[in-house]
Amino acid sequence: MQPKDGLPDLGQLKTAWDVFIAKGALPPDADPLVAVSWQRCAPRLNPVGLPQWVYVSDEVLPLTLNQHASLRQIARPLMEDVHQFIEGSGAMIILSDSTNCVLELLGDAEMVEYAASLGLRRGAFLDEGRIGTNAFAVALVESSPAQVAGAEHFLGCFHALSSAAAPIYDLEGRPVGVIGLLEMAAKHNPQSV
């Protein structure tokens, strides 16, 4: 769901997801970025299955972090400022590189722990081909800020979450990463985007 006034109707989103999974039919008012992502995910993923996480190996992760040191050095103070502003909201901020490999995670302990229980950690890839529709993947694929709430996530295991993300570009216009927010869908705030 792209930024709109008001809170998303999580029940309506779940109904739309159920219909798409059962019949392949998209509701006429479906968010176009989410609809296209669902169509890309449907042939590859079981919507009620587990995410197919892929991680950078423990040996390669330090090299990846070092390779993106300048992006991390620029983004980390911003992430800390945002976290200070939203602290206590149960959210976390995520920074990934241009391959959607998670470089940094910062947030409230309960959200960081919950995300880790789902498999989200440094070195995880957030691509929709393996974990389905999510704001980080949509932002990178569509070169646009994205918001995905509740059942707009293709995999059912992520329906309790809302994600919002925006791509980051260098001075030449090349994508260098994605920065965004992850929170519980029940606590979703339209100002998150």
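The values are calculated or read from the model by the stated rules, or taken from the named source; none is laboratory data. As the structure is a computational prediction, the values presented were derived from the model and not from experiment. Cβ coordinates were reconstructed from backbone atoms using ideal geometry, including for glycine residues, and neighbour counts include every protein chain displayed. Ligands, DNA and RNA are excluded from the accessible area calculation, which covers all protein heavy atoms including side chains. Shrake-Rupley method; radii C 1.70, N 1.55, O 1.52, S 1.80 Å.
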**Asked** If we count every other residue with Cβ under 14 angstrom of Ala185's Cβ, Lys/Arg +1 and Asp/Glu -1, where does the sum land?
**Response** -1
**Message:** Could you report segment 1-91's accessible area per residue, 1.4 Å probe, as an integer in Å²?
**Reply:** 64 Å²
**Request:** Determine the share of segment 69-169's accessible area contributed by carbon and sulfur atoms, expressed in whole percent, with a 1.4 angstrom probe.
**Result:** 57 percent
**Message:** Compute the angle between helix 32-41 and the longest alpha-carbon principal axis of the chain, please, reported from 0 to 90 degrees and rounded to the nearest 10.
**Reply:** 90 degrees
**Request:** Could you order Val48, Val54, Val141 so the one with the most accessible surface comes first? Probe is 1.4 Å.
**Result:** Val48, Val141, Val54
**Request:** Against the globular-protein guess of 2.2 N^0.38 Å, express the Cα radius of gyration of segment 12-86 as a ratio, rounded to two decimals.
**Result:** 1.66
**Complete:** For 152-165, 34-47, ranked highest to lowest by mean beta-carbon neighbours within 10 Å, the order is 152-165, 34-47
**Request:** Give the share of C-alpha pairs in each 10 angstrom bin for segment 46-85, from 0 to the last occupied bin, in whole percents, shortest bins first.
**Result:** 24, 26, 31, 18
**Asked** What would the Debye formula give as log10 I(q)/I(0) at q = 0.13, 0.16, 0.18 Å⁻¹ for the alpha-carbon point model of the chain, no solvent?
**Response** -0.64, -0.98, -1.24
**Fill in**
The alpha-carbon pair-distance distribution computed for segment 94-193, with 10 angstrom bins and whole-percent values, is 17, 54, 26, 3
**Request:** Using label points projected 7 Å from each Cα along Cα→Cβ, tell me how many nm separate Glu142 and Asp18, to one decimal.
**Result:** 2.5 nm
**Radius 14 Å from Cβ of Thr15, net charge of other residues (Lys, Arg +1; Asp, Glu -1)** = -2
**Request:** Note down the relative contact order for segment 131-193 as a percent, whole number, built from C-alpha pairs under 8 angstrom at least six residues apart.
**Result:** 31 percent
**Complete:** Relative contact order as a percentage, the chain, C-alpha pairs under 8 Å and 6+ apart, gives 26 percent
**Prompt:** Gln84 versus Val112, label points 7 Å from Cα toward the beta carbon: distance in nm?
**Reply:** 1.7 nm
